[in-house]
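Readers should treat all values here as calculations from the given coordinates under stated rules, not as data from a laboratory. Since this is a predicted model, take the numbers as computed values, not measurements. All Cβ positions, even for glycine, are placed from backbone atoms using ideal geometry, and neighbour counts span all protein chains on display.
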Amino acid sequence: MALPSFSEATIRRQATPESFSRGESYYSDGAVFALIQRGNVLQADVAGSQFEPYRVRITFDEGGVADAFCTCPYDWGGWCKHIIATLLTCLREPDLIEERPTLVELLAGLDPEQLRDILLRLAADSPGVVDGIERQIMLGEATTGEATMSASETAVSPKEASRRRKQVDPRSIRYQVDAILHSLDHMRRSVAYWHVNDVVSEMRQLLYQVQGFIEDRDGRNALLFLEAVTDEYVRGWTGLDDSDGYASAFFGELGAAWTAAGLAADDLTSEERDRWAQTLTQWQAEIGAYGIDEAFDAAQAAILQGWDYPPLQRAMQGEITDVGAWEDEAPWFAGELALARLEALERQGRGEEYLRLAKAEGQFGLYVLMLAHLGRVEEAVDEGLRLLDQPSQFLALADVLRQRHEPAAALRVAKRGLVAEGPKGELAAWLSDLAHVMGDEAVALDAAGAAFREIPSLPAYQRIQGLAGERWPEMREELLGHLRAMSGYIWSEAQVDVFLHEGLLDDAIDAVEKDVSYDLIERVMDAALADRPEWVIRVASRQAERIINAGKSKYYHHAVDWLRRAQMAYQVEGREAEWRAYLAEIRDRHGRKYKLMQMLRTLG
């Protein structure tokens, strides 16, 4: 089968500028090899920094790229350079793709005995295969019948599972916290100040360990773990310099962990709940003296109420009231606790209760996302169109539908989001790509225009040009006018990129007359050297003199770079004598700045 079409603009949209640039270099260097297509899945090996190549897997559907995965550790937003290099290879050299049968086609002609032999051989070569097969068998058994199971229907109750686990050793945890808090003792206080954020980062890494207990529904061990961490931190955090608020802000993370642990400990007795709540109250009183008044409020409610709190039970059964899952007026932390409860229900596979609680608590964005995750696509679309009101919510739902290979539904949702109130640049760019791949050019063009008007860039501008066809001259003038009217430092790069692309030097010059980065000024200078040398002389001289007059010796090399541009502009105008006179004047005025004098020799 032929892969659905996609554009370079789509790739850029999913990547940071740095990732795209590095991915293009990988493509140019021929780092992508073993491009194999099996049905709608493309697999490739990409040479990287490790001995073993990274494995890229890209899934396509009728809307284009549905999912992209790479085995590299990249986790800084957007696609990694290996995915980008693979897609660029597909786009520019499709003949390199080798089409092979899908796994379903490969297995279709095998009998059970042959399948068994293959699995045994694979398991002998890779012991991890056995664990994978066992997990799949257990998963199949667990999901037989109803798709969602209540906690009481699981094969092993949380209480029984908790008894089977070994209890954590609080002494070891306390020792780790104490070691982290005192890791700065050997430094001078003036040095230690700069490392408080590092201490908090180490505490955060330690806190991550409790997540494993929470995911296993081992609430008792999670609470014991957190008790050791929190008690030691409350005792020792005041020894840290909290000028930037790093140390005190960590209590918010502790409170969130306590909330999740309290919800995981659904087998506590009422006496145990009271004891844990009292412990949190004592800590809250201690840190309250430092202005930290609300760190454990949601956690206390989670522990005291558990899952048996009558208003919560009614909400999870579908009762909708003005106060959500509360008896009276909802407290300030109601939203925080609602999110924690929904996360717990999702971990436990209690989909129906999740939906009812999300709706009762007014968490409509999460409600429709769960409908989509559960495969109830038509219902998710209908409810999304009825309940959502923010472009970001429509984008989140459309993206989930897209990942579930429902591009038509995703397109419908995203189109509605385009007319919602609020920032919609990201949604518009996303919609433009999908609409173009699906052949809806009118929507693709409208969305591309909306994306540019809100988040202008040269790729977005060129995207519209590629879609506009005969309408381009008219749209070009409208877009340039919009760009000229935009003010603010954050838009300067887009203005310079587009204006220089169009050869509009005067507009580019206007864009950098305000306070912008040196890099942008230099780019405009280089473009304007031949046609606007007088402007280059004026601005370059001003920038150089600002540094020299201030005596900023560590920046003298920048001053010399500015003067070199001024020199080139003087030469373009045939005013070499004036340049020599100007340089001589600088030497006369600043002759005692010996470092500068040495550097000026490079200018002649």
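Quick notes
- Each residue, Ala289 and Glu545, gets one label point 7 Å from its Cα in the Cβ direction; the gap between the two is 6.1 nm.
- Tally of Lys pairs whose C-alpha atoms are under 15 Å apart, taken over the chain, 8 or more apart or cross-chain: 5
- On Cα atoms only, tilt of 407-417 relative to the major axis of the chain in degrees: 70
- Summing +1 for each Lys or Arg and -1 for each Asp or Glu among the other residues whose beta-carbon sits under 9 angstrom from that of Arg484 gives -2.
- About its Cα centre, the dipole of the range 8-104 is roughly 140 debye, where the only charges are +1 on Lys and Arg Cβ and -1 on Asp and Glu Cβ.
- Tilt relative to the chain, helix 246-264 - C-alpha long axis, 0 to 90 degrees, to 10: 30
- Net charge, Thr279 excluded, C-beta distance under 12 Å - Lys, Arg +1, Asp, Glu -1: -3
- Residues Leu397, Leu91, sorted so that the one with the fewest Cβ neighbours within 10 Å comes first: Leu91, Leu397
- A cut-off of 5 Å between modelled amide H atoms, ignoring neighbours fewer than 5 places along the same chain, links Ala66 with Thr59, Phe60, Asp61.
- The range 8-104: relative contact order as a whole-number percent, Cα under 8 Å and 6+ apart: 34
- Only Lys, Arg, Asp and Glu carry charge here, each on its Cβ (+1 for the first two, -1 for the last two); on that basis the chain has a dipole of about 2320 debye about its Cα centre.
- Backbone geometry of the range 200-211 corresponds, through the Karplus equation with coefficients 6.51, -1.76 and 1.60 at θ = phi - 60°, to 3J(HN,Hα) couplings of 5, 4, 5, 4, 5, 4, 5, 5, 4, 5, 5, 4 Hz, x marking Gly and Pro.
- Helix axis angle, 17-28 relative to the chain longest principal axis, alpha carbon, degrees: 80
- Our summary gives the range 368-523 a relative contact order of 13 percent, counting only alpha carbon pairs under 8 angstrom and 6 or more residues apart.
- Relative contact order %, the chain, counting alpha carbon pairs below 8 Å whose residues are six or more apart: 8
- Once you reduce the range 212-280 and the range 39-113 to the center of their Cα atoms, the two points are 42 Å from each other.
- Computed from backbone phi, the HN-Hα couplings of the range 234-244 come to 4, 5, x, 5, 5, x, 8, 7, 9, 4, 9 Hz, rounded to whole numbers (Karplus: 6.51 cos²θ - 1.76 cosθ + 1.60, θ = phi - 60°; Gly and Pro given as x).
- Cβ charges +1 (Lys, Arg) and -1 (Asp, Glu), total dipole of the range 31-77, debye: 140
- Part-to-part distance (alpha-carbon centres) for the range 517-549 and the range 341-374, which is given in Å: 58
- Placed amide H near Trp79: partners under 5 Å, 5+ positions off or other chain: Ala15, Thr16
- Simple label model, 7 Å out from Cα along Cβ direction - Tyr489 to Phe51, nm: 4.8
- Net charge of the neighbourhood of Ala380, taken over other residues with C-beta under 14 Å away and scored Lys/Arg +1, Asp/Glu -1, is +1.
- Fully extended contour minus Cα-Cα distance, from Ser21 to Glu576, at 0.36 nm per residue: 195.8 nm
- Positive-end extreme of charge dipole, the chain - chosen from Ser553, Leu268, Pro423 (charges on Cβ): Ser553
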